[in-house]
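Below is one structure; the comments refer to it alone.
Throughout, read-outs are computed from the coordinates displayed, never taken from laboratory work. Not measured: the values here are computed from a predicted model. Note that each Cβ is placed from the backbone with ideal geometry, even for glycine, and that neighbours are counted across all protein chains shown.
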Amino acid sequence: MKKLFFILVIFFNFNYAYSLIEVDITRGNLDPLPIAVSPLHVDAQSDNLQDIKVKELGDLISSVIESNFKSTGLFNPLNKDAFVQKPDIAHLKPRFEDWSLITAQALVTGKILIKDNKLKVEFRLWDVAAAKEMVALAFTTTPTNWRRVAHIISDKIYERLTGETGYFDTRIIYVSETGPKTQRVKRLAIMDQDGVNVKYLTLGNELVLTPRFNPTNQLVTYLSYFRNLPRVYLLDIETGIQEVVGNFPGMTFAPRFSPDGKKIIMSFAENGNSDIYTMDLESRLVEKITDHSAIDTSPSYSPDGKYICFNSDRSGLQQIYTMNSDGTNVKRISFGDGIYGTPVWSPRGDLIAFTKVRAGRFYIGVMRSDGTGERLLTENFYQEAPSWSPNGRLLVFYRETKSGNDGEGFTAKLWSIDITGYNERQIKTETDASDPSWSTLLSK
Amino acid sequence: MKFNTKIRNLLIILFSTLALSACSTAKKASTVGTTGDVYTGTDTVEYLAPGVKDRVFFATNSSSLTTASRDTLRKQADYLRKNKDMNVVLEGHADERGTREYNLALGERRANAARDYLMTYGISGKRISVISYGKERPVNSASTPLAWSQNRRAVTVKAK
């Protein structure tokens, strides 16, 4: 869970002059790259462990890598039954003819050794056609961290093949939902990006909504109805300590961190009017950013912290606006048919993702931060609240289904989609789920 | 603030005329249970006392009080004037057809519209607290226009 130490970098190929394989992710990929992920070879000298089946660890790590690749829609992990070469030999020197015979264009090999309660993992990425090694890396960590190792390896390979930052070694915080629609029980939950390692952070005694990470993923800000007083809270994930943010005489909601993590920006509702405020977490200084008789909510900073996008009905219905971070220079940027909500600024700074409602249908879309170039990615009965993957290539959001007369058939699930509009898929959760928020990369 | 109440008053006048004109045509079709998309039936309604309904309903994306809503609130104000020790909580709600955060703000605005009206009929603001549940606590869990109209509400609840 703590730090992962990169003790040894065997060889990192920075030479892009070769025309090695590349995956273009800027458009929908209808021809995913065939990749063979050989099971990692488990060194025979490895110690036995109580909780982990060491002999199976090589297979487990490679299947986590495979499922990460499969989830991107950009790669096609090949069936292991067709692999001819043994993992240990392939890792030393692949027989490229064998791998190209099963149409693999990229090959991942590796080996692991467990000694003195340390897990040492090595992996290599090979270009099969060019018969060349593209990446080779080794890590040492505690054995219980093996899933994170698999995610980090996935990130390194994704980065080498696409030229983009990875997003597999990340978590998603969300609201777990159980019970009937009229009396939903909601708990904060956190999981790995692939839906594994779920932990519940609150007990469900009070309603909780809209959790969001700080930039270092140690703190979460969210709305809690503790003692029937809806207020923005701050939670330290490691210690479990929670505190109210600020001392407001009414409901505070829609919180997010500033990109430097020093402030929380949120709405405060008073006498039927919601405005946007910030609070500095160190000095506790509260600043009013918007002052308008309309509803101003769902604020989100640009990654450089200079601008804020937000949702306001000052023109009559919900629309998206941007302003300078001090509240000056307010500009409406959404002008299409329908109403717009939940703007959230891309970590790359170029795009704003949003929810749009038109003719009774809900859309997740993106537009440039000046409002041009609107693209709707997905349409459904009800979906909202997009959150960006740390590399700005995907959005995670939640979708609710239509319910019958007694609330039957109602579900809330997490979904993700590429900003190309391709690769829409559900993220499996133990319970119903909503309000997802994606962390930054855990290992930078 | 002044500007704000002015707009609100203007809206109240505007919507009451609209609602009145709508009422005259809607009477024939009263079985539908809504006027425009404001719920006018009594399913889901509870009573603070005989004849005193506990809730008022709203049109989509609106926090304007209809003629019927103002009538209900005047009865609530009468009742509260007679029960001087009683404090109330105004719970504002939205339907499931909006984004969560905006709905929280909208619920708060609806609850305050009802609170303001009670205050103009002499009930001290100190006796009325407000809470918004946004779309979190629907009373009817169906995904139908009728259910949504029943869920867009401000409910006056006796404070414990």
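Sort A:164, A:384 so that the residue with the fewest other Cβ atoms within 10 Å of its own Cβ comes first and the one with the most comes last. The partial results should precede the final answer.
Numbers: A:164 14, A:384 25.
By the 10 Å Cβ count, ascending: A:164, A:384.
Backbone amide hydrogens, once placed in the peptide plane, bring residue A:134 within less than 5 Å of A:125, A:126, A:127, excluding anything fewer than 5 places away on its chain. Selection among A:61, A:30, A:268 by position relative to the dipole of chain A gives A:61 as farthest towards the positive end (Cβ unit charges, Cα centre).
Given N residues in segment A:5-162, what is its alpha carbon radius of gyration divided by 2.2 N^0.38 Å?
On the way: Rg = 15.1 Å, N = 158, 2.2 N^0.38 = 15.1 Å.
Taking N as the residue count of segment A:5-162, the ratio is 1.00.
Straight-line cross-link partners of residue A:115 among the aspartates and glutamates, defined as a Cα under 12 Å from its Cα and at least 8 positions apart when in the same chain: A:43, A:47.
Computed from Cα atoms, the angle from the helix A:54-72 axis to the main principal axis of chain A rounds to 50 degrees. What's the angle, to the nearest 10 degrees (0 to 90), between helix A:146-162's Cα axis and the longest principal axis of chain A? Its long axis makes an angle of about 90 degrees.
How long are the three semi-axes of the equivalent ellipsoid for the protein assembly as shown, computed from the Cα gyration tensor as the root of 5 times each eigenvalue, in whole Å, largest first?
On the way: eigenvalues 560, 107, 98 Å².
The equivalent ellipsoid of the protein assembly as shown has semi-axes of 53, 23, 22 Å.
Checking the table A:413/B:158; A:55/A:428; A:356/A:413; A:53/A:120; A:80/A:132; A:181/B:82 against a 25 Å threshold on Cα-Cα, which pairs fail? Pairs exceeding the cut-off: A:413/B:158; A:55/A:428; A:181/B:82. Backbone amide hydrogens, once placed in the peptide plane, bring residue A:168 within less than 5 Å of A:155, excluding anything fewer than 5 places away on its chain.
Mind checking which of A:113, A:126, A:142 is farthest towards the positive end of segment A:110-154's charge dipole, using Cβ charges of +1 (Lys, Arg) and -1 (Asp, Glu) about the Cα centre? Positive-most Cα among the choices belongs to A:142.
Among residues other than residue A:185 with Cβ under 14 Å from its Cβ, the summed charge is 0 (Lys and Arg +1, Asp and Glu -1). Between B:159, A:395, A:330, the Cα set farthest toward the positive side of the dipole of the protein assembly as shown (charges on each charged residue's Cβ, about the Cα centre) is that of B:159.
Quick one: putting +1 on the C-beta of Lys and Arg, -1 on the C-beta of Asp and Glu, what dipole do you get for the protein assembly as shown around its Cα centre, in Debye to the nearest 20?
Numbers: 77 positive and 67 negative charges, 420 e Å.
That gives the protein assembly as shown a dipole magnitude of about 2020 debye.
Listed by chain and number, the aspartates and glutamates whose C-alpha is less than 12 Å from the C-alpha of residue A:306, apart from same-chain residues fewer than 8 away, are A:260, A:326. For chain A, a Gaussian network of Cα nodes joined below 10 Å ranks A:420, A:297, A:221 by mean-square fluctuation, and the top entry is A:420.
Compactness ratio for segment A:222-274: Cα radius of gyration over 2.2 N^0.38 Å (N = residue count) comes to 1.16.
Couplings for segment A:344-360, taken from phi via the Karplus curve 6.51 cos²θ - 1.76 cosθ + 1.60 with θ = phi - 60°, read 9, 7, 5, x, 7, x, 7, 10, 10, 8, 7, 10, 10, 10, 9, 6, x Hz in order; Gly and Pro are left as x. Net charge of the neighbourhood of residue A:391, taken over other residues with C-beta under 10 Å away and scored Lys/Arg +1, Asp/Glu -1, is -1.
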